[in-house]
Protein chains: 2
Amino acid sequence: MRQFVLYARKAVTSPDFALDDLPGSGGRMDLVARCICNALWLSHAVRRDSCIHIVAYGRPNPPVVISFYGETLRGVSPDERNIAAWIKNALAAKRKNPGITVRTISFQQLIEELASRGAFFYILHEKGRDISTLELKADSVFVLGDHLGLPRNEEKFVARCAHERISLGTSSYLASHCITVLHYELDRRCTWSSR
Amino acid sequence: MRQFVLYARKAVTSPDFALDDLPGSGGRMDLVARCICNALWLSHAVRRDSCIHIVAYGRPNPPVVISFYGETLRGVSPDERNIAAWIKNALAAKRKNPGITVRTISFQQLIEELASRGAFFYILHEKGRDISTLELKADSVFVLGDHLGLPRNEEKFVARCAHERISLGTSSYLASHCITVLHYELDRRCTWSSR
């Protein structure tokens, strides 16, 4: 399974944000929704082999980990408002979706959990090894920061596990774009290796 | 300049759509907004060397070409609602933005105009040549269809100009994801060629 972890420093942790103001009242919930869209959607299909964990550190009850699993997700559209509405439902613990979970665990607890299941971590980092020089391992976890970046202490924590710092080149992309590019790189390598 | 042309079969051509319902009342204006975001945004910056033309064929007054120019765009945020609000303003001919134009010309008129300025066209096509086997020309125009695809007669029209059909591999991506991947491929080649 392809897994993504987004550290979302401002994403709110209560359902009282406004769907009409995802950047402001949602604490950049627009960015979060775009990352979820890019992690899980293909044209006319959902990537059943992918999931994304949003680690929300915004007000009022951080941390909260909101996970979207392509394998079991049902009835969600790829637009920002619809994805955010499902996050709102999940935070309010109403209208359950089999593909969405909410847990009050921290970034480090999530990383420990994934590591205990044998995950290999790729940390997106501008000074990392260029992705084109690497063979990417299947069933990996890609760790990304939001517009404010991954805090140094959290990066250090991941770096205690089996990991590699990787870079997508010299351009500085939005987190959501990084996810699209990572899928693209993985898709191409899967195609090559199956030829 | 990197240019993208999106044929948006259902995108509405009047400002009376609801910002709360971009997929429905906007005729997949969510998809349109995501394509604009991916064509023009980097992390904390706008791509000044890029533009995107949305050719809207939805009700009630098609066709309309809405163009977003990174070079002159001001005050727009990358979230779907904000981009859609600017499209609404532009269609209503109020609150001008120097980076947004609206014209009542057709897809074919737009293609003719770009061709007359010497554009080379890349048509995104599942049966096209794999992008990894190509040297991409600078200052090209990439032509994409929306979720319903590019109509066959419009594709034939572009194919009368200097062009190449290209593919991003065997996965079928959202139009907005294709734009991100095209930028990524171009960015990498620019880096290599400047080394």
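The values are calculated or read from the model by the stated rules, or taken from the named source; none is laboratory data. It should be emphasised that the depicted structure is a prediction, and the values quoted were computed from it without experimental measurement. Using ideal geometry, Cβ is built from the backbone for each residue, glycine included, and neighbour counts are taken over all protein chains shown.
Here are the numbers for the structure shown:
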quantity	calculated
Cβ-Cβ under 6 Å pairs, at least 6 apart or on other chains, the range B:142-162 side over 16 Å from residue B:120 (Cβ atoms), far side basic (Lys, Arg)	B:146/B:9; B:148/B:9
Pairs, first within 7 Å of chain B (Cβ to nearest Cβ) and under 16 Å from residue A:7 (Cα atoms) in the range A:34-45, second outside any helix (DSSP H, G or I) and at pLDDT below 95, C-beta under 7 Å, six or more apart	none
Candidates A:16, A:21 - the one that is more than 14 Å from chain B (Cβ to nearest Cβ), among the acidic types (Asp, Glu) and either loosely packed, with under 14 Cβ neighbours inside 10 Å or under 23 Å from residue B:44 (Cβ atoms) (or both)	A:16
Candidates B:114, B:124, B:110 - the one that is under 15 Å from the mean Cα position of the chain (by Cα) and within 14 Å of another protein chain (Cβ to nearest Cβ)	B:124
Qualifying residue in the range A:47-70 (condition: surrounded by fewer than 21 Cβ atoms within 10 Å (Cβ to Cβ) and within 11 Å of another protein chain (Cβ to nearest Cβ))	yes
Hits in the range B:159-181 - residues which are among the hydrophobic types (A, V, I, L, M, F, W, C) and either surrounded by fewer than 19 Cβ atoms within 10 Å (Cβ to Cβ) or out of contact with any Leu (no Cβ under 8 Å at 6 or more places or on another chain) (or both)	B:159, B:161, B:162
Some residue of the range B:80-88 being under 23 Å from residue B:173 (Cβ atoms), within 12 Å of chain A (Cβ to nearest Cβ), touching a Lys or Arg at 6+ places or on another chain (Cβ under 6 Å) and outside any loop (DSSP other than H, G, I, E, B)	no
Lone unmet requirement of (1) within 30 Å of residue B:21 (Cβ to Cβ); (2) crowded, with 20+ Cβ neighbours inside 10 Å; (3) out of contact with any Ser or Thr (no Cβ under 7 Å at 6 or more places or on another chain) for residue A:82	(2)
Boolean, residue B:146 is charged (D, E, K, R), more than 22 Å from residue B:32 (Cβ to Cβ) and either under 18 Å from the mean Cα position of the chain (by Cα) or within 13 Å of chain A (Cβ to nearest Cβ) (or both)	no
Considering residues of the range B:170-182 that are more than 8 Å from chain A (Cβ to nearest Cβ) and not small (Gly, Ala, Ser) only, the residue nearest to the chain's Cα centre (by Cα)	B:179
Unique residue being among the acidic types (Asp, Glu) and without any contact (Cβ under 8 Å) to a residue 12 or more places away in the chain when the list is B:112, B:80, B:126	B:112
Filter result for the condition that a residue is farther than 26 Å from residue B:24 by Cα and exposed (fewer than 14 other Cβ atoms within 10 Å of the Cβ), over A:115, A:119, A:93	A:93
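Here's the yes/no breakdown for (1) of a type in the set (Ser, Thr, Tyr); (2) in contact with an Asp or Glu (Cβ under 9 Å, 6 or more places away or on another chain); (3) modelled with pLDDT of 95 or more; (4) farther than 26 Å from residue A:109 by Cβ:
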residue	(1), (2), (3), (4)
A:44	no, no, no, yes
A:62	no, no, yes, no
A:85	no, no, yes, yes
A:88	no, yes, yes, no
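Here's the yes/no breakdown for (1) among the hydrophobic types (A, V, I, L, M, F, W, C); (2) part of a strand (DSSP E or B); (3) over 13 Å from the mean Cα position of the chain (by Cα):
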position	(1), (2), (3)
A:14	no, no, yes
A:26	no, no, yes
A:32	yes, no, no
A:35	yes, no, no
A:39	yes, no, no
A:61	no, no, yes
A:67	no, yes, no
A:74	no, no, yes
A:77	no, no, yes
